[in-house]
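The values are calculated or read from the model by the stated rules, or taken from the named source; none is laboratory data. Remember, it's a predicted structure, so these values are computed and weren't measured experimentally. Here the Cβ positions follow ideal geometry from the backbone for every residue, glycine too, while neighbour counts run over all protein chains shown. What goes into the accessible areas is simple: the full protein's heavy atoms, side chains included, and nothing from ligands, DNA or RNA. Shrake-Rupley method; radii C 1.70, N 1.55, O 1.52, S 1.80 Å.
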Amino acid sequence: MKQKILVTGGAGYIGSHTVVELQNAGYEVIIIDNLSNSNADVIDGIEKITGIRPVFIKLDCNDKEALNALFATHTGIKGIIHFAASKAVGESVHKPLEYYRNNIVTLLNLLDLMPVYGVDGIVFSSSCTVYGQPDILPVTEDAPVKPALSPYGNTKQINEEIIRDAIHAGLPFKSIILRYFNPIGAHSSAEIGELPNGIPQNLVPFVTQTAMGIRSELSVFGNDYDTPDGSCIRDYIHVVDLAKAHVVAMDRLLENKSEDALETFNLGTGRGVSVLELIEAFEKGTGVKVPYRIVGRREGDIEKVWANPEHANKVLGWTARETVEDTIVTAWNWQKKLRERGIQ
Ligand code: UD1
């Protein structure tokens, strides 16, 4: 049996897929989640896939006393994967204080407690949003961090700085920062997937809900960008590929393989796909039409960004395997499962 890992936000979209991969790799997982944007039923899904029910505790990482009690009770936690955060870009503009509190105080609490309980490493969920619109594509990890366009984006930058400063000060732990591009899709079993609250803000849940008839029409935000078809370009990565990178990162931290106490990796496929290409891939892969209309640009959207994933490929020995065509079908299978269950 490998070591004990704490996964904050482990009932969420990326968190739940990562718990599956951690358990498949032999790690013992403790999930904490305040369920603000997730549902405890996901624990059943994880158990169905892996045959192991992870420990789940409803807990808000802002509550330092409760966190302290958790570490005191569940002794021997060696690593943390910190997903718990608020992530809606638009909402963050209207509720900045909530975003700064949720996304920053939680990290401070964890970093404070790590040395007290002998936790060796933390993997942090960051985002390609830190690059803003990169000057050079595909973007590498040493590209400059650009001024954030939203409080959400700013929290990711500040989180990265906090970790960097803590390690520079010699605090006794290591960290790997993972900068995600656009995670999409669901586990191939369709037992877990993305469950947006209310009207989806992200493209793929909106596509699958429109195909299902829950939404009448998808709005494509702009076709006048400087891209081949005029729509924005992103690097869409299968959430299971992304989840697997966390296992490799945790292995690396706990087996002391890191070259530096802090390492940063892009997690993307290296392939840029436009909004219109993504819709086409969905229609081709599923045979279902997605009614859409071109509307104006969405404020704050980046024109085009995709990863240079070579650093992760070489140093972590990890590569995103799934194609966007296959990935989008897993998102549809999940949407169909939700319908079967009467959820959406
Ligand atoms: C954004 C953030 C990212 C964050 C993620 C979490 C930025 C630059 N990126 O990703 O850091 O982690 O949200 O939610 O802030 N689109 C449509 N119609 C829709 C929805 C989206 O055309 O109904 C388009 C968007 O204009 C964009 C693409 O689809 O070009 C992807 O959008 P989305 O899924 O929201 O992700 P990002 O904005 O890339």
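Given Tyr225, Tyr236, which one is over 14 Å from the mean Cα position of the chain (by Cα) and not basic (Lys, Arg)?
Details: Tyr236 fails: over 14 Å from the mean Cα position of the chain (by Cα).
Result of the check over Tyr225, Tyr236: Tyr225.
State which residue pairs qualify: first residue aromatic (Phe, Trp, Tyr) and inside the range 16-35, second residue outside any helix (DSSP H, G or I) and open to solvent by 10 Å² or more (accessible area, probe 1.4 Å) in any location, beta carbons under 6 Å apart, and separation of 6 or more residues or different chains.
Correct list of pairs: Tyr27/Lys2.
Within 24 Å of the chain's Cα centre (by Cα) and open to solvent by less than 40 Å² (accessible area, probe 1.4 Å), is that true of Leu278?
Details: within 24 Å of the chain's Cα centre (by Cα): yes; open to solvent by less than 40 Å² (accessible area, probe 1.4 Å): yes.
Here the answer is yes, as Leu278 does meet what is asked.
Take the range 30-53 and flag every residue that is in contact with a helix residue (DSSP H, G or I) (Cβ under 6 Å, 6 or more places away or on another chain) and surrounded by fewer than 24 Cβ atoms within 10 Å (Cβ to Cβ).
Ile49, Thr50, Ile52, Arg53
Would you confirm, using the coordinates I've provided, whether Ile163 is closer than 18 Å to Asp241 by Cβ, buried (at least 22 other Cβ atoms within 10 Å of the Cβ), modelled with pLDDT of 95 or more and more than 9 Å from the ligand (Cβ to nearest atom)?
no
Return yes or no: is Asn308 farther than 16 Å from Ile184 by Cβ and surrounded by 18 or more Cβ atoms within 10 Å (Cβ to Cβ)?
In short, yes.
Of all residues in the range 183-209, count the ones that are within 13 Å of the chain's Cα centre (by Cα), more than 8 Å from the ligand (Cβ to nearest atom) and surrounded by fewer than 19 Cβ atoms within 10 Å (Cβ to Cβ).
Number satisfying all stated conditions: 0.
I'd like the full set of residues that are open to solvent by 10 Å² or more (accessible area, probe 1.4 Å) and out of contact with any helix residue (DSSP H, G or I) (no Cβ under 7 Å at 6 or more places or on another chain), limited to the range 14-26.
Once the filter is applied, which keeps residues that are open to solvent by 10 Å² or more (accessible area, probe 1.4 Å) and out of contact with any helix residue (DSSP H, G or I) (no Cβ under 7 Å at 6 or more places or on another chain), the range 14-26 yields only Gly26.
Can you list residue pairs whose Cβ atoms sit under 6 Å apart, with the first residue in the range 246-273 being of a type in the set (Val, Ile, Thr) and the second being buried (at least 22 other Cβ atoms within 10 Å of the Cβ) and assigned to a loop (DSSP other than H, G, I, E, B)? Count only pairs 6 or more apart in sequence or on different chains.
Cβ pairs passing all conditions: Thr269/Asp235; Thr269/Ala320.
Taking Tyr180 and the conditions (1) hydroxyl-bearing (Ser, Thr, Tyr); (2) within 13 Å of the ligand (Cβ to nearest atom); (3) not assigned by TED's automatic domain parsing to the domain that holds Gly121, which numbered condition does it fall short on, given that it satisfies the others?
Every condition holds for Tyr180 apart from (3).
Only one of Gly193, Gly185 is closer than 30 Å to Glu340 by Cα, in contact with a Lys or Arg (Cβ under 8 Å, 6 or more places away or on another chain) and modelled with pLDDT of 95 or more; which?
Going through Gly193, Gly185 in turn, just one is closer than 30 Å to Glu340 by Cα, in contact with a Lys or Arg (Cβ under 8 Å, 6 or more places away or on another chain) and modelled with pLDDT of 95 or more: Gly193.
Scan Leu111, Leu97 and give me the residue that is away from the ligand (no atom under 16 Å from the Cβ) and open to solvent by less than 50 Å² (accessible area, probe 1.4 Å).
Details: Leu97 fails: open to solvent by less than 50 Å² (accessible area, probe 1.4 Å).
Of Leu111, Leu97, the one residue that is away from the ligand (no atom under 16 Å from the Cβ) and open to solvent by less than 50 Å² (accessible area, probe 1.4 Å) is Leu111.
Applying the selection to the range 69-105, what residues are closer than 18 Å to Ser150 by Cβ and either among the charged types (D, E, K, R) or touching a strand residue (DSSP E or B) at 6+ places or on another chain (Cβ under 9 Å) (or both)?
Going through the range 69-105, the residues closer than 18 Å to Ser150 by Cβ turn out to be 85-104.
Scanning the range 69-105 gives Ala85, Lys87, Glu91, Lys95, Glu98, Arg101.
Please tell me if Leu149 is within 12 Å of the ligand (Cβ to nearest atom), in contact with a helix residue (DSSP H, G or I) (Cβ under 9 Å, 6 or more places away or on another chain), farther than 22 Å from Asn197 by Cα and open to solvent by 50 Å² or more (accessible area, probe 1.4 Å).
Judged against the criteria, Leu149 is a match.
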